[in-house]
Amino acid sequence: MAKIQGLAAHAAGAELLSYHYEPGKLGLQEVEIAITHCGVCHSDLHLIANDWGVSQYPFIPGHEVVGTVAAVGSEVRSLSVGQRVGLGWQSNSCGQCEWCLKGLENLCPEAEATCVHRNGGYAESVRANARFVVPIPDALDSEHAAPLLCAGITVYNPLRDHGVNPSSRVGVIGIGGLGHIAIQFARAFGAEVTAFSTSADKEEEAKTLGAHNFVNSRESKALKDAASTQDFILSTVNADQDWATYIQALRPTGTLCFVGIPPTPISTPAFPLIMGLRSITGSPIGSPNRIREMLDVAARHGVKALTETFPMAKANDAIEKVKKNKVRYRAVLCN
Ligand code: NAP
Ligand code: ZN
């Protein structure tokens, strides 16, 4: 069996270095994907830094993969060699628990992530259980589709679960990889969309992507003026914010939903939650079924990531640019 060549961090926060590993025999239900594109999600940066205490080194990041099927295990019927496919954050689940049987594999307690205790997609190939490898619709080109596999599904799923529709007023906090796709899906769902951003220079693009309103979240007056304006706010930021102000920005019965992961526990007064029947929730990626649906919706409604490409060998440059919040809006590594 040929070795797989990739890029790995050898210690927490270290630069990625060339690294290869021996993948062993392909599992009966596994697929090997020859990677053409892999998005750089901020979760990769969290994992490189071991922010969540789950990283093992050498660590190959990468979980927004598009490529072609290079090999299939003997029990795989759903995919064939040469087919263009995608793989996101999740690459396996038990297949038997209550949540898997309900089609909510993303909630399986034994869910396996593509690059946690497995080798991820900053590489020439990657493997996953076939149930988590999805065909890419012809209307989506690989570069712009790769970020949909994690960023796309992560923002699509809560908009769907919370019934966003033309009567909804949706706020998106943080216009990065996740946020710029959230604006597009919320707009496709017919909502009135408000972007909350620390980057004044993103206003024009946020509006081109579909935002009706733009609030510069560095201006405390602008934030306060947004009180009681939103039905659903999706936070995609990886930093601490004044969450109480965003709770205030919700209309009665509104929901603040976390997909971005701030470093500090969330703290907010209970009174506005009680009086306005407001709630706080979170959301993890989405099931394979939802990923297929999301890709189909993206293809039919023209939702796609705005990307900056880097050769795979320049992954460290891409990571540095993401750290500085300079990428517009998703870095994609290409083989
Ligand atoms: P990203 O591309 O780096 O975008 C994050 C955005 O947050 C930035 O563009 C910036 O937007 C805003 N931001 C950054 N630093 C900030 C600060 N100090 N204060 C306020 N705003 C700040 O990251 P991403 O790939 O979208 O990921 C975002 C978060 O989602 C990460 O924590 C990631 O781990 C998490 N995530 C969760 C899931 C899930 O399943 N729940 C899936 C994927 C990712 P502005 O310039 O507009 O302010
Ligand atoms: Zn991700």
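The values are calculated or read from the model by the stated rules, or taken from the named source; none is laboratory data. Computed from a prediction, not measured in an experiment: that's the story for all the values here. With ideal geometry, Cβ positions are generated from the backbone for all residues, glycine too; neighbour counts draw on all protein chains shown. When the accessible area is computed, the model is the full protein with side chains, heavy atoms only, and any ligands, DNA or RNA have been set aside. Shrake-Rupley method; radii C 1.70, N 1.55, O 1.52, S 1.80 Å.
Computed quantities for the displayed model
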| read-out | value |
| --- | --- |
| Per-residue HN-Hα couplings for the range 60-65 [Karplus 6.51, -1.76, 1.60; θ = phi - 60°; Hz; x = Gly/Pro] | 9, x, x, 8, 10, 9 |
| Interchain or long-range residues, amide H under 5 Å from Val215's placed H | Ala195, Phe196, Ser197 |
| Per-peptide average of other Cβ atoms within 10 Å, ordering 125-136, 60-71, 25-36, 158-169 highest first | 60-71, 125-136, 25-36, 158-169 |
| For the range 1-63: accessible area per residue (Å², 1.4 Å) | 44 |
| Relative contact order (percent, whole number), the range 1-159, Cα cutoff 8 Å, 6+ residue spacing | 28 |
| Summed side-chain charge close to Gly13 - residues other than Gly13 whose Cβ falls under 15 Å, Lys, Arg +1, Asp, Glu -1 | -3 |
| Rough spin-label spacing in nm, given labels placed 7 Å along Cα→Cβ, for Arg292 and Ser18 | 4.0 |
| Cα gyration tensor of the range 60-217 - equivalent ellipsoid semi-axes, whole Å, descending | 32, 18, 14 |
| Accessible area in the full protein assembly, largest first, 1.4 Å probe, for His10, His144 | His10, His144 |
| The range 57-144, accessible surface, carbon-and-sulfur percent (1.4 angstrom probe) | 50 |
| ³J(HN,Hα), Karplus 6.51/-1.76/1.60, whole Hz, each residue of the range 113-126, x for Gly, Pro | 8, 4, 10, 10, 6, 9, 8, x, x, 7, 6, 7, 8, 8 |
| Partners for Lys324 among aspartates and glutamates (Cα-Cα distance below 15 Å; same-chain residues under 8 apart left out) | Asp44, Asp201, Glu308 |
| Spherically averaged projected area in nm², based on the convex hull that wraps the Cα atoms of the range 136-294 | 9.2 |
| Base-10 log of normalised Debye intensity for the range 150-215 (one unit scatterer per alpha-carbon) at q = 0.23 Å⁻¹ | -0.87 |
| Using alpha carbons only: equivalent-ellipsoid semi-axes of the range 1-108, gyration tensor based, whole Å | 25, 20, 13 |
| Zero-based 5 Å bins, Cα pair distances in the range 117-169, whole percents | 4, 13, 17, 24, 18, 12, 6, 4, 2, 0 |
| Lysines whose Cα lies under 22 Å from that of Lys3, excluding same-chain neighbours fewer than 8 positions away | Lys25, Lys314 |
| Over the chain: helical MRE at 222 nm, DSSP H runs n ≥ 4 each giving -39500 (n - 2.57), nearest 500 | -7000 deg cm²/dmol |
| Rounded accessible area per residue of the range 179-280, 1.4 Å, Å² | 46 |
| Approximate spin-label separation Ser74-Glu219, in nm, with each point projected 7 Å along Cα-to-Cβ | 6.7 |
| Per residue, the convex hull volume that the Cα atoms of the range 100-189 enclose (Å³) | 146 |
| Cα-based radius of gyration of the range 44-102 once divided by 2.2 N^0.38 Å, which approximates compact folds | 1.46 |
| Residue order for His37, His117 - accessible surface, 1.4 angstrom probe, largest first | His117, His37 |
| Extension reserve of the Ile266-Lys321 stretch, reckoned as 0.36 nm per residue once the Cα distance is removed | 17.1 nm |
| Candidate lysines for bridging to Lys321, where Cα separation is under 29 Å - those fewer than 8 sequence places away on the same chain excluded | Lys202, Lys207, Lys304 |
| For the chain, convex hull volume per residue from C-alpha positions, Å³ | 126 |
| Length-normalised contact order for the chain - Cα pairs under 8 Å, 6+ apart - percent | 17 |
| Phe310 long-range amide H proximity, modeled H, under 5 Å | Val332, Leu333, Cys334 |
| Unit Cα scatterers, Debye sum, the range 218-335: log10 I(q)/I(0) for q = 0.10 Å⁻¹ | -0.46 |
